[in-house]
Amino acid sequence: MTRILRIELLRSAAPGVGLLLLAVEAAYLVMANTYSGRWTALASEHRLGLVLLVPLALAGGAWYGRRERRWRMDELLSTTPRPGAQRRLVAACALGVTALAAYLLAFAVGAVRVAPSATHLPPGLPQTVAVGAVALVAAAWLGLALGRALPHPVVAPAAAVVAAGAIVATRMFVTGGVDDRLPGAALLDPILDGTDDFSVILGRVHAGQALWLVGLTLTAAGLLVVGRPRQVAFAVVPALVAGALAVPLLPAGGSRAAYTLDHGAAALVCADGEPRVCVTRVHAATLPEVVGPARASLAALAKLPDAPTSAIERIHRIGPASEEPPATPQPADTLFFPLFLDPSGGLYATGDELLTELLHGAGTSFCPFTGDADPDGWLRDGVARTVAGAWLRGQPPARWTESGMEKRDELEQRLYQNLTALPQDEQVRRVAALRRAALECRGDLYPVLAGEARA
């Protein structure tokens, strides 16, 4: 049996299918370029690659499955003493090995970019990769069974087109804004949406998807060995049983319900010395670049009453599990700030740019807009936040040069000039009042800084 499998791996179409899957997934991960230094981001992108790999694996399996008919050898092979089921299972093993190897090697390609600078290994990473690998093998074996049942040249490309269309339709349904009403069965689809650095897939989701995909793989293997049509009913039993057992494990709510907070990623790593500056563990590599601007921000804010004495990265979840930040008061003694990483794993803003971001809104985080029905309310709040940060830096707001931003540029420059024309005590009072209003998520910040409202 080992010798036959070796021959299949050397001389059949299985290696070609595996090389195609490897090339497509590796190219996808290289072009994605959004995960440097973060294992969670790599695992998410790798699973999203199944959108491309599943149709290709299905088509490759269907093409591979019709080889006996293609070479007109089916009648000849039926006269040999070796059971046909055994021959087909060896071919399935060869195709499964190459698909599995392609998926794992593609992950290794991405790991080369992550490993040197990663600072956190998320829980469930092996499970995330394993579930995707089983999904790919299941697709390849289902294609093999399809090619055996319908050995026509058009079947392989048609299977790829139908599979791609079904995946796109499923993605639109699962992510179409009805997550809260989706049943747990929606998560039988292993192609989950991308997520952020602070979220990991729930263990029960891993378990449910793995159970379902293993059952689907066993059904595909059964369809390969059945000899009579009536036996097909028995072949589908593993998939039905696995689905019935998996659905209760999967939470309702679609992609949003599939994730939970990774407390290890959100743990704080702090710089030596005072004042205290901390970032999350998953972003610990950025700490040296953050310390200087963060401490400069605290020094600038020290001119205000009740100024913050420490700077800590705020957890910013932007994936399916993200939620609107609550309109609740923020602590005044801490400067909370989000960090945004570029594709190379570094910060989008460093040095003076990061200092500007930290002082935006007098060192406060954004809240959901709570202004009145004025359609320009969000614009006026943004202007007030920008001017407060510019005042703390001691220089006018940067001029807007983009088309359509003339109104905002005029508002910012006029408000800054009016603010700096006041006595120093009044300037401090207004900026401090804006900070208090922003910390309490009161909204309507422009009147506070312009002196049109008392706070």
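The values are calculated or read from the model by the stated rules, or taken from the named source; none is laboratory data. If you're wondering where the values come from, they're calculated on a predicted model, not measured in any experiment. Quick reminder, even Gly has a Cβ in these numbers, built from the backbone with ideal geometry, and neighbours come from all protein chains shown.
General remarks:
- Sole exception among (1) over 30 Å from residue 341 (Cα atoms); (2) free of Cβ contacts under 8 Å to residues at least 40 places away in the same chain for residue 247, by number: (2)
- Residue match in the stretch 124-134 (condition: in contact (Cβ under 8 Å) with a residue 60 or more places away in the chain, over 30 Å from residue 285 (Cβ atoms) and assigned by TED's automatic domain parsing to the domain that holds residue 225): yes
- Unique residue being among the hydrophobic types (A, V, I, L, M, F, W, C), out of contact with any helix residue (DSSP H, G or I) (no Cβ under 8 Å at 6 or more places or on another chain) and surrounded by 15 or more Cβ atoms within 10 Å (Cβ to Cβ) when the list is 108, 133, 166, 158: 158
- Some residue of the stretch 90-101 being farther than 19 Å from residue 13 by Cα and outside any loop (DSSP other than H, G, I, E, B): no
- Candidates 67, 113 - the one that is at negative phi, surrounded by fewer than 18 Cβ atoms within 10 Å (Cβ to Cβ) and modelled with pLDDT under 90: 67
- Single residue of the stretch 184-218 satisfying the filter (without any contact (Cβ under 8 Å) to a residue 40 or more places away in the chain and part of a helix (DSSP H, G or I)) that is surrounded by the most Cβ atoms within 10 Å (Cβ to Cβ): 212
- Members of the stretch 118-139 that are over 17 Å from the mean Cα position of the chain (by Cα), among the β-branched types (Val, Ile, Thr) and not in a loop (DSSP other than H, G, I, E, B): 134, 137
- Which numbered condition residue 247 misses (of (1) more than 23 Å from residue 53 (Cα to Cα); (2) at pLDDT below 90): (2)
- Options 392, 411, 415; residue that is in the same structural domain as residue 307 (by TED's automatic domain parsing), touching a residue at least 40 places away in the same chain (Cβ under 8 Å), hydrophobic (A, V, I, L, M, F, W, C) and buried (at least 21 other Cβ atoms within 10 Å of the Cβ): 392
- Residue within the stretch 315-336 that is at pLDDT 90 or above, out of contact with any Pro (no Cβ under 8 Å at 6 or more places or on another chain), small (Gly, Ala, Ser) and surrounded by fewer than 17 Cβ atoms within 10 Å (Cβ to Cβ) present: no
- Selection of the stretch 347-362 for residues being in a loop (DSSP other than H, G, I, E, B) and either closer than 23 Å to residue 38 by Cα or over 28 Å from the mean Cα position of the chain (by Cα) (or both) yields 348, 349, 350, 361, 362.
- Tabulated pairs, the stretch 334-347, first over 15 Å from residue 316 (Cβ atoms), second basic (Lys, Arg) and in a loop (DSSP other than H, G, I, E, B), C-beta under 9 angstrom, 6+ apart or interchain: 345/38
- Residue satisfying condition, being out of contact with any Pro (no Cβ under 7 Å at 6 or more places or on another chain) and assigned by TED's automatic domain parsing to the domain that holds residue 339, within set 241, 277: 277
- Residue 142 vs. criteria assigned by TED's automatic domain parsing to the domain that holds residue 12, modelled with pLDDT of 90 or more and not in a loop (DSSP other than H, G, I, E, B): yes
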